[in-house]
Amino acid sequence: MNFSDLNIENKLKKSIEMAEFKVPTPIQRLSIPISLEGKDVLGTAQTGTGKTLSFTIPMINKLLKDKQAMALIICPTRELATQVMGTILKLNVREIGISNALLIGGESMQKQLRQLKKRARIIVGTPGRINDHIERKSLNLSKVNYLVLDETDRMLDMGFAPQIELILKFVPRNHQTLLFSATLPSNILKISQKYLNNPERVSVGSLSTPIEKIKQETFQITPDKKYHELINQLVERNGSILVFVKTKHGADKIVKRLKYDGHKADAIHGNLRQSKRVRVIRGFRNGNSRILVATDIAARGLDIPVIKHVINYDLPQVPEDYIHRIGRTGRAGKDGSALTFLTKNDRNMWRLIQKLIDPDFKFKEEAKPNNQKAKKSYKKNKFNKKFSNNRFNKKKKFKSFEKKNNKRKFKNRKRPKNFKFKKNKRK
């Protein structure tokens, strides 16, 4: 099956050819025909498998047929929303010419108001900024008949559930809904039951298994030697490298050290303005900086094909984020590698990650001491514990002398100033 075999408008077929999208991925092959029929879709697939195109092709086809219709795509992060809009712009060439608006925080409100005044029919945004426009009455969702909830599990993790519910109050009841997620926890199923109408379930591959073409490695290390080993890995590896750290401060600190050591590096995290984030990602994509140090804000939605290696400098806070992190490499069928630094403190989290990937995984326990010395020390400790509270072992505070070999010996007694030893004369 090719994109040319799809039952879509000729204008859209031409734009797909111009964008050089040739062979559909498994998730696209399963979900696009269902979406074209107007059915609701509950889709899950591994990260990097092409979910974005699965809902943008049916969306544009629907808007071409119905000139009054609108589409709304809700994303968890600015980066993902920007990336989705980039895919739409590739398909939405001049021949199609459907007006659009990108509503995300950190960008000019006036620019977004100008886009909305041009009767934008494709709205892509984050929950917070979409609600801002609804409150300003600059966004009218009364004609939306195509709704997409992208990376829904991530939106729920970030606490966007109340904001999503507020948005959906302004969307007409009769609309087509597509819900896409990398994982499928119980709260996603509850939302699907509430907002989707008899959805078709589409799933490709294991949700907790990384892409097979990603080579995974671990490196046992102490915290004080992490940075030096990172330098060694950067020298040994070729191509662009994405380094994941735990904190925003840690990302800035490592980038500062890398630049001092002569490496081209940039950081991306939640404290950066949107304009700065865009410049950093564009520079990394274009090869201006070879190394990108990021927090988990880049674990999802960052589609940069040039990433050849992912290094987990710190482990993630949530086991599922490990899958999304290493999914930034090995995209679109390419090979990739993922290296993880492990310290003693990472033992518990690494066990949870391994259990997520392989439920039958058994973590090797350290061998317990089985020699005679260990047994002796155990008995000794047991004896001490038993008699530690014995009154004979308690030291008296005001003890002025002690017995030794049945002789009394003074302890810490000061002699008087005029003290002299008297010699007994023999009579």
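Rule-based calculations on the coordinates, nothing more; no lab input. Since the structure is predicted, the reported quantities are computational estimates derived from the model, not experimental observations. Using ideal geometry, Cβ is built from the backbone for each residue, glycine included, and neighbour counts are taken over all protein chains shown.
Shape of segment 1-82 from its Cα gyration tensor (a ≥ b ≥ c, root eigenvalues): rounded if a/c is under 1.5, otherwise prolate when a/b > b/c, or oblate?
rounded
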From the cross-link list Lys143/Lys169; Lys62/Lys137; Lys253/Lys308, the entries with a Cα-Cα span beyond 20 Å are Lys62/Lys137; Lys253/Lys308
Ranking Ser186, Leu156, Ile167 by how far each Cα lies towards the positive end of the charge dipole of segment 151-203 (+1 on Lys and Arg Cβ, -1 on Asp and Glu Cβ), the top one is Ile167
In whole angstrom, the spacing between the Cα centers of segment 7-44 and segment 133-147 equals 26
Put in order of increasing Cβ neighbours within 10 Å, starting from the fewest, Asp358, Asp132 give Asp358, Asp132
Once both label points are put 7 Å beyond Cα along the C-beta direction, the Asn271-Lys259 separation in nm becomes 1.4
Between Leu166 and Val93, Cβ-based FRET efficiency (R0 35 Å, step 0.05) works out to 0.55
In debye to the nearest 20, the charge dipole size for segment 214-357, taken about the Cα centre with +1 at each Lys and Arg Cβ and -1 at each Asp and Glu Cβ, equals 420
Quick shape summary for segment 182-261, equivalent ellipsoid via Cα gyration tensor, semi-axes whole Å in descending order, reads 40, 17, 12
Using alpha carbon centers only, segment 220-240 is separated from segment 51-116 by a whole-angstrom value of 40
Contour minus Cα-Cα span, Glu217 to Glu37, at 0.36 nm per residue, comes to 60.4 nm
